[in-house]
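Coordinate-derived values only; no laboratory data. Predicted model, so just to flag it, every value in this text is computed and none were measured. We place every Cβ from the backbone using ideal geometry, glycine too, and count neighbours over all the protein chains shown.
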Amino acid sequence: MMLRVENDRRFSLGHARITLEGVQAPTDGGFRIVREGYAAANLGRRGWQVQEEKLVPVEIRQEGRDTILVIGPRLTRHLEPGPLVFLLPAVGLEASLFWPDDIDVFDGDLPPETVMPREPEVAPAPAPIAPAPPAQAPSPAPPPPREEIAAPAMQEGASRTPLFAGIGLLLLVAVGGAAWWFTGSSPAPSPAPVATPAPPAPPPAPVTAERPWLERSDGMNLRDLVQSAPDVAAIHAAALRRQAAARYDDALVLFEEAGERGHAPALTAVARLYDPIGFVAGRPFRAPDPRAAARYYRDAVQKGDAAAAAPRAALKTWLEEQARAGNGTAETALKEFWP
């Protein structure tokens, strides 16, 4: 099966049609475009990114035995000439796709028909199931009143009490007289009991302070981290922390998430990752992307990050040098992001 890409003149500038020969048009036209050999290998609404994303065409139609997918400037502006992988999950299709160098690039504002519907990124958590109340054990029968138990014993010994009392009194008198006769004095009084001091109370248990959220985020997965973050600045701080710990793919995803929520310093951080000036391979990309860097720098400046102005100006100088050397991509990036 062959895949062809060409400009689609039925729409405004920047639209392209992908022809899938001999493929029946599916009801679900969602597709993916992947570039092999890159950490940010998946085409998304914001450009090349780490996470996979299902894309929706502007139009899908059947022409004879072929299926036509039309994609708009929101996607074509990120595609450069070279080999790609095209996936159409509805029909189990995965095929090689070469993006040609004659596809028009739209430099102005995007027309409304190219806005892609946003899918939920996080599935809602299921409602917690309340535990069943524990079964209560039957209450034990109350013990019989003490008066009812003691009464028979008192009645049984009542007749013997006077006799024993009299005998005890006679013995006490006899012992006392004998002690006076032999000692000439009364018996010494018994010593007063000594009070035993109460044991000291145990010391209070030490109170352990909870670690700050940023430290606890080191062990979280990305979804839990984003959901539990107190604000967007905390997501950016967690991204910097993972970048310092050489967790570069995690840092990229968190920077993009914070930038998507309008945090300008996160957009600058993503631009630096793409910037060919000072680029370091494997952190997380294998090769720089000056066009993506220019786009993120522009967005960061528009949202008010003053720190993006200097590296953006340096990138413009670099692109101008490349354009004078005949680099068409650099020339296109200058027209698109420095009109």
Using the Cα gyration tensor of the stretch 222-291, with a ≥ b ≥ c the square roots of its eigenvalues, what is the shape: rounded (a/c below 1.5), prolate (a/b larger than b/c) or oblate (neither)?
prolate
List the residues whose amide H sits under 5 Å from the amide H of Leu93, counting only those 5 or more places along or on another chain, with H placed 1.01 Å from N in the peptide plane.
Leu88
Extension reserve of the Gln227-Arg261 stretch, reckoned as 0.36 nm per residue once the Cα distance is removed:
10.9 nm
Ordered by residue, what ³J(HN,Hα) values in Hz, to whole numbers, does the stretch 277-290 give under the Karplus form 6.51 cos²θ - 1.76 cosθ + 1.60, where θ = phi - 60° and Gly and Pro are x?
7, x, 5, 10, 5, x, 10, x, 8, 7, 9, x, 9, x
DSSP-assigned coil residues among GluC sites (Glu not before Pro) in the stretch 1-79, each with at most 14 further Cβ atoms within 10 Å
Glu21, Glu36, Glu52
Potential lengthening between Arg247 and Val85 on full extension [0.36 nm per residue; Cα-Cα distance subtracted]
55.7 nm
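Using packing as a proxy for protection, rank 297-306, 318-327 so that the peptide with the highest average count of other Cβ atoms within 10 Å comes first.
Values: 297-306: 17.8, 318-327: 14.0.
Ranked by mean Cβ neighbours within 10 Å, highest first: 297-306, 318-327.
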Show the residues, 5+ positions off or on another chain, whose built amide H is closer than 5 Å to the amide H of Asp8.
His15, Ala16, Arg17
Under the Karplus relation with 6.51, -1.76 and 1.60 and θ = phi - 60°, whole-Hz ³J(HN,Hα) for the stretch 248-259, x at Gly and Pro, equal 6, 5, 4, 4, 4, 4, 5, 4, 5, 5, 5, x
Under a 5 Å amide H to amide H cut-off, with H placed in plane at 1.01 Å, what residues pair with Trp99 once short-range neighbours are removed?
Gly82, Leu84
